[in-house]
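Undergrad: Before we start, here is the structure in question, set down as structure tokens.
Quick note: the coordinates plus some simple rules give every number you see, no bench work behind them. Keep in mind the model is a prediction, meaning the values are calculated, not measured. Note that each Cβ is placed from the backbone with ideal geometry, even for glycine, and that neighbours are counted across all protein chains shown.
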Amino acid sequence: MMQTELRECSMRDGIDILEMLREIGPGENGFQNNAFNVKDEVFHNVIGRWIDISRGIGLEPGFVPQTLYWLYIDGRAVGIAKLRHYLTDSLRAVGGHIGYCIRPSERGKGYGNILLCETLKKAAEINIPRALLICDEGNTASGRVIENNGGVPERTDNGMCYYWIQLDIDSGIREIHPDDYEEMFELWKNTPGMGISEADSKIKMHQFLLNNPGLSFCFKEGNRIVATSLCGHDYRRGYIYHTAVLPEYRGRGIARMLVRKNLEQLKTAGIEKCHLFVLGNNELGKSFWHSTGWTRRNDICVYSRDT
Ligand SMILES: CC(C)(COP(=O)(O)OP(=O)(O)OC[C@H]1O[C@@H](n2cnc3c(N)ncnc32)[C@H](O)[C@@H]1OP(=O)(O)O)[C@@H](O)C(=O)NCCC(=O)NCCS
């Protein structure tokens, strides 16, 4: 039986990884390997930097967290995968969510298929809803690897093929991911009573989600987001925004469940009280909050002005 392991890059990584990086060289077909000429004595500094990047520490402007994985087969390092945690416009054009490479001496043995399959499991663990894979049009091996792992071709542009792999086929509640933005925005736009403003732009929403990890949830039915409830805190109080359920999914307790989850997570973060704002004419919204145990404050007025 073949032993397969996908190992996250760590300070325990040894010289066998460096040897693999040297064998791979500078990279090919869009896969870049800047570490192929790193000297033994600085290898651990480079690893430290990769770990920081994975945690989003010290990222260069426009860069997103990226985790590196090594594929081990029977104890030998045979390949690398790079998992980008969410997409930017630039990654949507070039790079996508995942880049991968098998060292030349180990190609053609089925390891490319295994490497992508294992990396997609990691992508699902961080709630990426669907993964974008991009490969050169002439890169038959990579195209096969992507299609073998469920890749559906979207388009070909400038000699590059764009594929999507659906990751999240389970229905139910899960944390919102920045890449859910477009689908959520459609839902909010089509939900009467919801106030949408420039504060809901993609960039602001990304910042909100990244600064408030583990607090916002959506509900999926099949591959579709049917409800959302966003939550954040300022270390003193929690705030809930955009609790919305598509009309055909209402009356099933979905919003109540999402809000309960928001509150549980706030409590875990040490936040004792949560506020929310409802438009004065949103009768449906007001009766939902009233019936789920929220108290309408008549002792507070909300003041707002532009900055
Ligand atoms: C793409 C790459 C990762 C494939 O790795 P691999 O371990 O050789 O691939 P596998 O052995 O798992 O084979 C996967 C599929 O590709 C096919 N394949 C492999 N090499 C091939 C080749 N040279 N030409 C055509 N098809 C090829 C295999 O037949 C297999 O298809 P199947 O399972 O439907 O029969 C590897 O070639 C590589 O590292 N290339 C350089 C970096 C790169 O191109 N990365 C992808 C950037 S998008």
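Undergrad: FRET efficiency for ARG250 and ARG155, Cβ-Cβ distance as r, R0 = 35 Å, nearest 0.05?
TA: Numbers: r = 36 Å, r/R0 = 1.02.
It comes out at approximately 0.45.
Undergrad: In which sequence would THR295, THR67 go, from the one with the fewest C-beta neighbours within 10 Å to the one with the most?
TA: Final ranking by Cβ density, sparse to dense: THR295, THR67.
Undergrad: Rounded to the nearest 10 degrees, what's the angle between the helix 254-268 long axis and the longest principal axis of the chain, both from Cα atoms, 0 to 90?
TA: Once rounded, the angle reads 70 degrees.
Undergrad: Right, something else. What are the trypsin sites (Lys or Arg not before Pro) within the range 5-49 that DSSP puts in a loop, where the Cβ has at most 10 other Cβ atoms within 10 Å? All intermediate terms of the calculation are to be shown ahead of the outcome.
TA: Numbers: sites: ARG7, ARG12, ARG22, LYS39, ARG49; in loops: ARG12, LYS39.
When the trypsin sites (Lys or Arg not before Pro) of the range 5-49 are filtered for loop state and at most 10 Cβ neighbours within 10 Å, ARG12, LYS39 remain.
Undergrad: Hey, could you grab the Kirkwood Rh for the chain? Inverse mean 1/r over distinct alpha carbon pairs, Å, one decimal.
TA: Numbers: mean 1/r = 0.0461 Å⁻¹.
Computed over Cα pairs of the chain, the Kirkwood hydrodynamic radius comes out at 21.7 Å.
Undergrad: Name the lysines eligible as straight-distance cross-link partners of LYS202: C-alpha to C-alpha under 29 Å, and not fewer than 8 places from it in the same chain.
TA: Once the sequence-local lysines are set aside, what remains near LYS202 is LYS82, LYS121, LYS122, LYS189, LYS220, LYS261, LYS267, LYS273, LYS286.
Undergrad: For the range 118-252, just the Cα set please: Rg and Dmax, both in angstrom.
TA: 17.2, 55
Undergrad: In addition: If we count other beta carbons within 10 Å of each Cβ, what is the order of PHE36, PHE208, fewest first? Walk me through the numbers on the way to the answer.
TA: Details: PHE36 15, PHE208 19.
Sorted ascending by nearby Cβ count, the order is PHE36, PHE208.
Undergrad: Please list the radius of gyration and Dmax for the range 4-126, considering alpha-carbon atoms only, with Å as the unit.
TA: 13.8, 39
Undergrad: Right, another one. If eta is 1.002 mPa s and T is 20 °C, what Stokes-Einstein diffusion coefficient results for the range 108-147, Kirkwood Rh from Cα pairs, in µm²/s? Kindly include the intermediate steps, with their values, before the conclusion.
TA: Numbers: Rh = 11.0 Å.
For these conditions, the coefficient is 194 µm²/s.
Undergrad: Can you tell me how the range 85-171 classifies by the Cα gyration tensor, rounded, prolate or oblate, using a/c under 1.5 as the rounded cut?
TA: On the way: a/c = 1.69, a/b = 1.14, b/c = 1.49.
Because a/c hits 1.5 or more and a/b fails to exceed b/c, the range 85-171 counts as oblate.
Undergrad: Indicate the gyration tensor shape class of the range 172-291 (rounded, prolate or oblate), computed on the Cα atoms with a ≥ b ≥ c the square roots of the eigenvalues: a/c under 1.5 is rounded; otherwise a/b larger than b/c is prolate and the rest oblate. Numbers along the way, then the final one.
TA: Numbers: a/c = 1.28, a/b = 1.12, b/c = 1.14.
Judged from the Cα gyration tensor, the range 172-291 comes out rounded (a/c under 1.5).
Undergrad: With an 8 Å Cα cut-off and a minimum separation of 6 or more residues, compute the relative contact order for the range 4-126 in percent. All intermediate terms of the calculation are to be shown ahead of the outcome.
TA: Working: 180 pairs, mean separation 30.3, N = 123.
Computed value for the range 4-126: 25 percent relative contact order.
Undergrad: Taking the Cα centre of each part, how many Å lie between the range 12-68 and the range 126-179?
TA: One Cα centre to the other: 23 Å.
Undergrad: Using the count of nearby Cβ atoms within 10 Å as a rough guide to exposure, how do GLU106, GLU147 rank from fewest to most?
TA: Details: GLU106 18, GLU147 15.
If I rank by nearby Cβ atoms, fewest first, I get GLU147, GLU106.
Undergrad: If you don't mind, there's one more thing I want to ask. Sequence gap at least 6, Cα distance under 8 Å: using those rules, report the relative contact order of the chain to the nearest whole percent. Intermediate values should be presented prior to the final figure.
TA: Numbers: 479 pairs, mean separation 31.9, N = 307.
Reported as a whole number, the value is 10 percent.
Undergrad: Using a simple spin-label model with points 7 Å from Cα along the Cα→Cβ vector, what separation in nm is obtained for LEU279 and CYS301?
TA: For the pair LEU279/CYS301, the computed spacing is 2.3 nm.
Undergrad: Still on this model: So which trypsin sites (Lys or Arg not before Pro) in the range 63-118 end up in coil per DSSP with only 15 or fewer other C-beta atoms within 10 Å? Can you show the working numbers first?
TA: Working: sites: ARG76, LYS82, ARG84, ARG92, ARG107, LYS109; in loops: ARG107, LYS109.
Sparse-neighbourhood loop trypsin sites (Lys or Arg not before Pro): ARG107, LYS109.
Undergrad: Here's something else I'd like to know. Hey, quick one: spin label on ASP16, modelled 7 Å out along Cα-Cβ, who in the range 47-73 has an amide N within reach, i.e. under 11 Å?
TA: 71-73
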